[in-house]
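The values are calculated or read from the model by the stated rules, or taken from the named source; none is laboratory data. Since we're looking at a predicted model, the values are computed, not measured. We place every Cβ from the backbone using ideal geometry, glycine too, and count neighbours over all the protein chains shown. Ligands, DNA and RNA are excluded from the accessible area calculation, which covers all protein heavy atoms including side chains. Shrake-Rupley method; radii C 1.70, N 1.55, O 1.52, S 1.80 Å.
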Amino acid sequence: MIGHPPHPGPGAGILSRASGWNDDDMSSLSIPQVTYLGGHPDRADETRGLTAVVDRSGILLRRPFRRFLTFDWAALRGLEVRTPGFLSLAISFLPAYDDGSSLHLHLDRGVCRFHVHGVPAPDLRERLASWVGDTVGPPAPLPAMPPPPPRASSGPLDVVRMSLDLWRAGGLGRESLPDRGTLAYRLSLAEDHRRCGRYGEAIALLEPLAAGAAQAFGPVDEDTLKVRNALGQAYLDAGQVDDGLDVLREVVAVAEHLHGVDGALTLVVRNNLAIAYQHAGQYAQAIELHEQNIRHTERNHGRDSIETIGRRNNLAATLALAGYRERAIELYWEVLDALPDGYRSHTLAVNARQNLAILHNPSWTP
């Protein structure tokens, strides 16, 4: 799941006996003083005095000597830890729970809500991240993306059909460009090919289309750059990573010169170049480019704008895939905290909660 949304990327323990956290066994984390508030379809009653045990299998809520609720990591569709808000407390009539943190576990059937007494949300988040970091050990990045397997054919007729598709795409790309509408149509057609996995057809259309656009409108024209950006992405999807990197590096340099380092097109292409480096397993370069985009977007739109939050989300995904689990977790919490209350169902919020559940699962690897 972790990725740029969409799409997957990717510390010292601070557990304390005095606070009631179990540090005898680093494979599990015990969280006492938990109250079940509701949300589970099989449970309706509020229940106090629970202990949450977090381990490789998932999260177990128990009373003394009795199991209460069990959540497997694979069943979780989202994880959220936050400070109880004044509005939510007023609506739920739960003034007793104005301290500590709210723990929400998202499932296919609903959201289970818990209150952890006496532990502020930042502390609970940090302890969960430290536990999973200690459990999984040193970072292990996702390897470079292998090239996709060749398209399978179902016989001689299918081979002929694929060859004709390539011939048509190449021929359409070489036809003259009378106007920008024609360019837009052919670019859209190439993108359809790419999204459907027909990378050869997309490249056969985009290569001559890029040359034709440069001739018709100029090599630094915005539409020409868009075609070359699409060509770079098609190369990447086809497994031609070096070609994709070369094209996208050139497009970023031209976009920066033409539109500025913080221009809208520059930000988009720089993001695509970061993803290209990620595909190549060159995570340091990918992370640096995402951080550049965050700085530029924050300066232009503000730290808590949707644009900046989206850039932060992209960096979090790359960090996760690079194996920097705790840094990715911290950044996804920032994404959730920056979104206004009215955005709890926004794609960015759903993505962050889901990836937090994935990253806290010690069995997940990039």
Förster-model FRET efficiency, 41 Å R0, residue 191 and residue 42, C-beta, rounded to 0.05: 0.35
Alpha-carbon gyration tensor eigenvalues x 5, square-rooted, for the range 232-332, Å: 21, 19, 9
Per the helix-only calculation at 222 nm, which mean residue ellipticity applies to the chain, given -39500 (n - 2.57) for every DSSP H run of n ≥ 4 and division by its residues, nearest 500 deg cm²/dmol? -17000 deg cm²/dmol
Calculate, in whole percent, how much of the Cα-Cα pair population of the range 199-260 lies beyond 20 Å. 21
At a probe size of 1.4 Å, how large is the accessible area of residue 130, to the nearest 10 Å²? 10
For residue 111 paired with residue 99, estimate the spin-label separation in nm (one decimal), with each label point 7 Å from Cα along the Cα-to-Cβ line. 2.5
Inter-label distance, nm, simple model (7 Å from Cα along the C-beta direction), residue 182/residue 145: 3.2
Taking the chain on its own, what percent of its Cα-Cα pair distances exceed 26 Å? 58
Dmax and Rg, reported as Rg then Dmax, of the range 104-240 (C-alpha, Å): 24.2, 70
